[in-house]
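For reference, the structure discussed in these notes is given below.
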């Protein structure tokens with residue numbers, strides 16, 4: 001209470017955002033206009049447009065939300081002195097790099113347009129597959145000399161239901177993530193890819209069954225739908241099968257530290273971090289906390305806490321859990337002993353020891369080795385960054401500011 005608070009307003013490229021959004025909307029409108037002439041009946045047009053653009057609109061909405069939400073950083077004067085030379089302007093610059101107009105454009109607005117294109121083609125494939133296939137005839141090279149398609153009715157059915165499965169899955173996933181404000185650039189890009197993979201896998205499934213099958217038409221349609229709905233699973237099964245077939249020796253075990261050792265990381269959080277390319281504690285320790293905060297639904301303070309623990313597990317994997325039992329929750333706590341290691345206390349036997357010596361005994365390390373770790377962490381830029389971000393209080397959605 002009463003501490004001086006230093007505040008930095010984070011920059012916003014609102015004009016650039018508006019320009020990019022307008023361009024994306026114009027491109028979407030042009031896409032709708034160009035495809036409208038190819039519909040067999042204009043009666044399906046309104047539903048087709050709404051259905052095809054809905055996933056893209058949800059992604060666009062999330063990008064606008066990230067770009068336009070007000071943000072500022074605040075630190076008390078006592079906190080600023082503990083940043084080991086890092087200034088508040090440096091933290092501000094880190095936020096600016098991840099939230100400025102071109103960063104959001106590359107991460108969200110460009111995938112939005114790709115998703116709009118893929119969504120419109122997919123919707124047209126479901127409502128009017130003959131027209132859609134006719135428009136990409138030259139690309140797929142399936143036209144005969146007289147101009148008629150060589151695709152059989154069963155193959156078209158597979159493509160159609162594979163497309164429908166992919167579209168349903170994409171819409172369900174993006175809609176569910178929208179409620180949690182958890183639409184990542186990777187999800188947007190994968191969604192656009194799935195809308196292309198869906199009809200391909202549906203067609204492959206139909207071609208596989210073309211040589212004869214006892215399955216009913218309804219069962220085949222369900223199979224095509226599932227093939228389009230879960231392309232990643234189909235590719236994973238095929239990849240695992242090929243790996244088992246061609247592998248001549250066992251894959252060497254990698255020295256990694258599981259994310260589940262980090263306090264607060266559940267199975268669901270672990271799966272979400274996998275989506276961001278973070279598969280173990282070493283990768284989490286080196287992750288960009290601001291980018292994770294932008295691309296995931298987790299609070300910045302929670303993310304910095306996870307990274308703090310991950311740095312500890314990456315630095316002293318065999319002693320991290322023992323240190324936590326002694327009250328050293330993460331790398332920041334351990335680094336703080338660089339300034340307070342001379343404090344003398346009595347151990348359980350009544351002998352005088354520094355706190356650092358007592359910790360070294362508890363984790364079965366020499367005092368010299370632990371002191372080297374402490375000094376290294378105290379100068380580590382990732383630890384300094386995490387400390388600076390962690391000492392800022394939670395983001396307040398009501399007034400859009402960081403307060404101390």
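Rule-based calculations on the coordinates, nothing more; no lab input. None of these values were measured; they are calculated from a predicted model. Neighbour counts run over all protein chains shown; Cβ positions are idealised from the backbone, glycine included.
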Original post:
What FRET efficiency, computed as 1/(1 + (r/R0)^6) with R0 = 22 Å and r the Cβ-Cβ distance, is obtained for residue 180 and residue 258, rounded to the nearest 0.05?
Top reply: 0.35
Original post:
For the pair residue 362 and residue 301, what calculated FRET efficiency results from E = 1/(1 + (r/R0)^6), where r is the Cβ-Cβ distance and R0 = 22 Å, to the nearest 0.05?
Top reply: 0.20
**OP:** Using R₀ = 35 Å, calculate the FRET efficiency as 1/(1 + (r/R₀)^6) where r is the Cβ-Cβ separation of residue 102 and residue 325; round to 0.05.
**Re:** 0.15
Original post:
Put a dot 7 Å past each Cα toward the Cβ at residue 379 and residue 274; how far apart are the dots in nm?
Top reply: 3.9 nm
Subject >> Highest to lowest packing among 272-283, 155-166, 301-312, scored as the average C-beta count within 10 Å >> reply: 155-166, 301-312, 272-283
Original post:
Taking 0.36 nm per residue of separation and subtracting the Cα-Cα distance, what length does fully extending residue 50 through residue 153 add?
Top reply: 34.3 nm
Subject >> Gain in span if fully extended, residue 353 to residue 339, counting 0.36 nm per residue against the direct Cα distance >> reply: 3.4 nm
Original post:
Between residue 171 and residue 68, what is the label-to-label distance in nm when each label sits 7 Å out along the Cα-to-Cβ direction?
Top reply: 2.5 nm
**OP:** Describe numerically, in nm with one decimal, the distance between label points set 7 Å from Cα along Cα→Cβ at residue 93 and at residue 219.
**Re:** 6.5 nm
**OP:** Would you please put 264-271, 289-296 in order of how densely packed they are, using the mean number of other Cβ atoms within 10 angstrom per residue and starting with the highest?
**Re:** 289-296, 264-271
